[in-house]
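Q: Let me begin by handing over the structure; questions about it come next.
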Amino acid sequence: MPKINENFLKLEKNYLFINIAKKINAYIAENPDKKDNIIRMGIGDVTLPIAPCVVEAVKKGAEEMGVKETFKGYEDSGAGYDFLKEAVAGYYKSFGADVKPSEIRISDGAKSDCGNIVDIFSDDNVVLITDPAYPVYVDSNLMNGRKVIYADCSAENGFCPEPDYSVDADLIYLCSPNNPTGAAFNKEQLKTWIDYAIAKKAIIIYDAAYEAFITEDNIPRSIFEIDGARNCAIEICSLSKTAGFTGMRCGYTVIPDELEVVASDGTVVNISQIWGRRQGSKFNGVSYPVQCGAAAVFTEEGQKQIKENIKYYQENARIIGETLDKLGIWYTGGVNSPYIWLKCPDGMGSWEFFDYLLKEANVVGTPGEGFGKNGAGFFRLTSFGDREKTKIAMQRIEKLLSK
Ligand SMILES: *Cc1c(COP(=O)(O)O)cnc(C)c1O
């Protein structure tokens with residue numbers, strides 16, 4: 001009989017979205033007439049369709065697959081076609097980050113890379129993760145029995161914690177702009193983490209999934225805009241939120257050639273090479289039509305079209321923020337992020353506020369507690385919804401909370 005990896009038994013049950021669904025269903029069962037009145041602002045998924053030029057590129061890619069002369073089977077490296085890696089490198093260059101196409105690996109999204117990258121690191125590493133955080137970072141390390149320690153985020157530090165030199169870590173997860181808090185590190189703040197990582201000989205795993213939502217000048221889109229990052233950072237990004245690819249699946253991970261660690265016998269190990277070896281064994285690449293669609297995102301026309309969608313979400317975020325400002329409610333995010341992370345009014349707990357909003361305003365958000373202990377008393381609203389519904393939801397919240 002096989003022995004199970006018992007670390008899985010120690011994981012928190014994934015109660016958050018199940019509990020939310022249960023509460024909504026129970027409310028609808030008691031108030032069937034309210035069913036269609038409920039506005040959902042809890043989801044972390046995009047709702048606008050893929051840009052037209054991306055659709056065309058995917059179609060063209062699919063048609064090539066149906067013709068003998070242009071048919072493609074397995075990709076040689078599984079790391080992505082050159083045309084896409086070159087497009088991604090060109091995009092990095094546009095905001096001043098120098099990344100070579102050969103340092104980029106195309107993936108089926110950021111979640112799998114964030115979770116799988118730890119395969120190349122020993123189980124006795126200490127992993128530092130912000131609290132609250134995207135659950136993938138914690139779970140994928142606990143699955144291997146790694147020790148996880150936390151960097152506390154709070155209203156006092158604007159949910160952008162500073163490194164604590166009295167703490168030793170080997171791997172550090174940073175996500176900026178952040179899910180769930182919407183907070184984003186500025187260049188100086190991110191530099192303090194790079195300095196810390198270099199001092200501790202640690203590696204930063206930087207999740208840039210929301211870089212396309214950045215509007216402010218001093219917020220870096222990539223960790224590779226900052227000096228020193230090439231010696232201590234891996235960046236993971238995705239087209240999921242950037243271009244509505246949550247159902248298409250495409251992302252990319254950047255590992256600089258310089259990134260190295262020293263093995264126990266003194267051998268210098270190149271991280272990019274080891275990750276390539278891991279991916280080569282367990283991953284066969286992203287489908288050709290999807291890579292064609294992804295490359296279209298980085299064309300001039302593609303950038304124009306995806307920015308239309310991002311602007312739509314940003315305007316929703318502005319509407320949410322405007323209401324919270326009127327109500328005097330403290331929040332982060334919304335400016336460089338599709339997420340608004342607010343302090344529950346009147347000292348309410350996350351779930352208490354969830355219930356209150358559901359019953360009194362028929363609006364659904366996400367209780368902050370679901371992302372870590374420091375999320376208690378906070379609440380996440382997303383701007384990924386419909387404009388009209390967002391407006392109605394915020395009118396209801398304004399009416400309810402200004403009573
Ligand atoms: C949505 C999201 C991603 C993207 O995941 P995909 O697997 O690429 O869809 C990555 N990181 C964070 C923090 C996210 O919220």
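Q: Would you point out which residue out of ILE104, ILE172, ILE129, ILE149 is of a type in the set (A, V, I, L, M, F, W, C) and surrounded by fewer than 19 Cβ atoms within 10 Å (Cβ to Cβ)?
A: Working: ILE104 fails: surrounded by fewer than 19 Cβ atoms within 10 Å (Cβ to Cβ); ILE172 fails: surrounded by fewer than 19 Cβ atoms within 10 Å (Cβ to Cβ); ILE129 fails: surrounded by fewer than 19 Cβ atoms within 10 Å (Cβ to Cβ).
When all the criteria are applied, what remains is ILE149.
Q: Take the residues in region 201-231 that are part of a loop (DSSP other than H, G, I, E, B) and of a type in the set (A, V, I, L, M), then tell me which one is nearest to the ligand (Cβ to nearest atom). Break it down into steps so the answer makes sense when it comes.
A: Within region 201-231, the first condition is being part of a loop (DSSP other than H, G, I, E, B), and the residues that meet it are 201-202, 208-210, 214-222, 226-228.
Applying the additional criterion that residues be of a type in the set (A, V, I, L, M) yields 202, 208-209, 214, 219, 226.
On the way: ALA202: 20, ALA208: 9, ALA209: 4, ILE214: 14, ILE219: 16, ILE226: 20 Å.
So the residue we want is ALA209.
Q: Under 6 Å by Cβ, and 6 or more places apart or on different chains, what pairs join a residue from region 1-21 that is over 15 Å from ILE43 (Cα atoms) and free of Cβ contacts under 8 Å to residues at least 24 places away in the same chain with one that is of a type outside the set (A, V, I, L, M, F, W, C) and surrounded by 12 or more Cβ atoms within 10 Å (Cβ to Cβ)?
A: Filtered contacts from region 1-21: no entries.
Q: Among the residues of region 81-96, is there at least one that is open to solvent by less than 20 Å² (accessible area, probe 1.4 Å), among the hydrophobic types (A, V, I, L, M, F, W, C) and more than 16 Å from the ligand (Cβ to nearest atom)?
A: Among the residues of region 81-96, at least one is open to solvent by less than 20 Å² (accessible area, probe 1.4 Å), among the hydrophobic types (A, V, I, L, M, F, W, C) and more than 16 Å from the ligand (Cβ to nearest atom), which makes the answer yes.
Q: May I pose another question? What pairs come out if I take residues in region 47-70 that are at pLDDT 95 or above and among the hydroxyl-bearing types (Ser, Thr, Tyr) and pair them with residues that are open to solvent by less than 40 Å² (accessible area, probe 1.4 Å) and in a loop (DSSP other than H, G, I, E, B) whose C-beta lies under 7 Å away, six or more apart or interchain?
A: THR47/PHE384; THR47/GLY385
Q: Tell me the residue from PHE379, PHE353 that is surrounded by 24 or more Cβ atoms within 10 Å (Cβ to Cβ), of a type in the set (Phe, Trp, Tyr) and on the phi < 0 side of the Ramachandran plot, please.
A: Values: PHE353 fails: surrounded by 24 or more Cβ atoms within 10 Å (Cβ to Cβ).
Going through PHE379, PHE353 in turn, the sole match is PHE379.
Q: Next up: Of the numbered conditions (1) touching a strand residue (DSSP E or B) at 6+ places or on another chain (Cβ under 8 Å); (2) within 11 Å of the ligand (Cβ to nearest atom); (3) of a type in the set (Ser, Thr, Tyr), TYR150 fails exactly one; give the number of that condition.
A: (2)
Q: For region 112-122, which positions are part of a helix (DSSP H, G or I) and either within 12 Å of ILE205 (Cα to Cα) or open to solvent by less than 30 Å² (accessible area, probe 1.4 Å) (or both)? Please lay out each step first, then the result.
A: Narrowing region 112-122 to residues part of a helix (DSSP H, G or I): 112-120.
Answer for region 112-122, where residues must be part of a helix (DSSP H, G or I) and either within 12 Å of ILE205 (Cα to Cα) or open to solvent by less than 30 Å² (accessible area, probe 1.4 Å) (or both): ASP113, CYS114, GLY115, ASN116, ILE117, VAL118.
Q: Looking only at residues in region 288-306 that are open to solvent by 60 Å² or more (accessible area, probe 1.4 Å) and free of Cβ contacts under 8 Å to residues at least 40 places away in the same chain, which one is nearest to the chain's Cα centre (by Cα)?
A: Looking at the filtered set, the residue picked out is LYS304.
Q: Which residues, counting only those in region 258-283, are assigned to a strand (DSSP E or B) and either within 16 Å of the ligand (Cβ to nearest atom) or not charged (D, E, K, R) (or both)? Working first, answer last.
A: The first filter runs over region 258-283 and keeps only residues assigned to a strand (DSSP E or B), leaving 260-262, 268-270.
Scanning region 258-283 gives VAL261, VAL262, VAL268, VAL269, ASN270.
Q: Does region 252-270 contain any residue that is at pLDDT 95 or above, under 22 Å from the mean Cα position of the chain (by Cα) and over 22 Å from SER94 (Cβ atoms)?
A: Scanning region 252-270 turns up no residue that is at pLDDT 95 or above, under 22 Å from the mean Cα position of the chain (by Cα) and over 22 Å from SER94 (Cβ atoms).
Q: With among the aliphatic types (A, V, I, L, M) and within 16 Å of the ligand (Cβ to nearest atom) as the only criterion, which of ILE198, ILE255, ILE234, ILE194 stands out?
A: On the way: ILE198 fails: within 16 Å of the ligand (Cβ to nearest atom); ILE255 fails: within 16 Å of the ligand (Cβ to nearest atom); ILE194 fails: within 16 Å of the ligand (Cβ to nearest atom).
Every option except ILE234 fails the conditions.
Q: Okay, moving on. Being part of a loop (DSSP other than H, G, I, E, B) and under 17 Å from PHE245 (Cβ atoms) narrows it down to one residue among ILE4, ILE50, ILE106; which is it? Give the derivation first.
A: Details: ILE4 fails: under 17 Å from PHE245 (Cβ atoms); ILE106 fails: part of a loop (DSSP other than H, G, I, E, B).
One residue alone meets the criteria, ILE50.
Q: Kindly indicate whether any position in region 339-352 is in a loop (DSSP other than H, G, I, E, B) and either more than 26 Å from SER154 (Cα to Cα) or free of Cβ contacts under 8 Å to residues at least 24 places away in the same chain (or both).
A: The initial filter retains those residues of region 339-352 that are in a loop (DSSP other than H, G, I, E, B), namely 344, 348-349.
With the extra rule that they be either more than 26 Å from SER154 (Cα to Cα) or free of Cβ contacts under 8 Å to residues at least 24 places away in the same chain (or both), the set shrinks to none.
Checked region 339-352: no residue is in a loop (DSSP other than H, G, I, E, B) and either more than 26 Å from SER154 (Cα to Cα) or free of Cβ contacts under 8 Å to residues at least 24 places away in the same chain (or both).
The values are calculated or read from the model by the stated rules, or taken from the named source; none is laboratory data. Quantities reported herein were computed from a predicted structural model and do not represent experimental measurements. Note: ideal-geometry Cβ built from the backbone for every residue, glycine included; neighbour counts use all protein chains shown. Only protein heavy atoms, including side chains, enter the accessible area calculation; ligands, DNA and RNA are left aside. Shrake-Rupley method; radii C 1.70, N 1.55, O 1.52, S 1.80 Å.
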